[in-house]
């Protein structure tokens, strides 16, 4: 994998920010887009723009072929059983809310249990809070170890015969923890529960096989995997989706409508009411083509090596605390620099052309578990290099000096 050549394919990385070459270390928030994705969206709007599944004219056929072709690419990319199991959504948040509102609210009753972890992004926490409030179900949490990881024995101890839903992030957007979701799914199924996986941070960085994981639902976002914003997907086992009700109603998702009742289309279209994000799907398909041309195994290997290097270099900085496991973590490092506020850290780094994230990362309960209000986060992708890490470290040392800390 030639990172130097890959970087050339991302136009945004060729610029200077505040007089310095851009170092983009915020891919966990959103990834940058290769020229092939940009061109695919441009081509769609220049030559194929039309609504899908409706017109018999040539443009409509082209648009439909492109849209459904993208669905086929998503299905293959995550190894879904069929395209019927892939629903296009606005992103991971929408996908998880669909499962919570369209499935969990129907099956959960008072006294049933929903099991998640304290490391969840708000998108995989708040929907389950709402289900619990609406149904009387009990929301339970798998405890975290000191480094933020979870033990399977704790999973066994938390899930019971009353558990109906287990929903866990594959990769933590704060801790970098890679959770053993396949093993968790096995435990959940043994107790009759359904397994939901938040794949926002895993799909861009790991080779995902939903059939091997044996999860019941899997949510992903396009913009974190070199695709455009506003597009994502929900995978669901066909047998579950067939009995799951839509939560959005209108044009395109119907089979028959009369004055007092309506029926829905077959899978997956019954969940895609209204005009879909066609250009977004086209861009997501192009992003998958791009990632597959490099190879997900190669991307994971590169990120693991780069993250290990980043942990090693950042550990050299006195008063810098890294959160999460120091080994076997995904491509991000979350940290605090002494008592310097993370927003101040990010501001100084920005003056050096370095983009990181600072805040609670949509994980306020996890921040309280860490006993901090916020953290700084550097996240990596296939276009990042050791030179990017070196510039990050140099700028952090400058930040310490600026705020009056002794340089170790």
Criterion: touching a strand residue (DSSP E or B) at 6+ places or on another chain (Cβ under 7 Å) and in contact (Cβ under 8 Å) with a residue 24 or more places away in the chain - qualifying residue of 392, 397: 392
Selected residue [without any contact (Cβ under 8 Å) to a residue 40 or more places away in the chain, in a loop (DSSP other than H, G, I, E, B) and more than 23 Å from residue 299 (Cβ to Cβ)] from 129, 109, 153: 109
Residues that are surrounded by fewer than 20 Cβ atoms within 10 Å (Cβ to Cβ), farther than 19 Å from residue 170 by Cα and touching a strand residue (DSSP E or B) at 6+ places or on another chain (Cβ under 7 Å), drawn from segment 113-131: 129
Check on residue 9, in the same structural domain as residue 310 (by TED's automatic domain parsing), over 22 Å from the mean Cα position of the chain (by Cα), at pLDDT 95 or above and buried (at least 16 other Cβ atoms within 10 Å of the Cβ): yes
Residue 77 vs. criteria assigned by TED's automatic domain parsing to the domain that holds residue 45, outside any helix (DSSP H, G or I) and crowded, with 23+ Cβ neighbours inside 10 Å: no
Condition met for residue 267 (within 18 Å of the chain's Cα centre (by Cα) and farther than 25 Å from residue 360 by Cα): no
Residue that is in the same structural domain as residue 14 (by TED's automatic domain parsing), modelled with pLDDT under 95 and either touching a strand residue (DSSP E or B) at 6+ places or on another chain (Cβ under 7 Å) or crowded, with 20+ Cβ neighbours inside 10 Å (or both), where the choices are 377, 329: 329
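The values are calculated or read from the model by the stated rules, or taken from the named source; none is laboratory data. As the structure is a computational prediction, the values presented were derived from the model and not from experiment. Here Cβ is always computed from backbone atoms with ideal geometry, including for glycine, and neighbour counts include all displayed protein chains.
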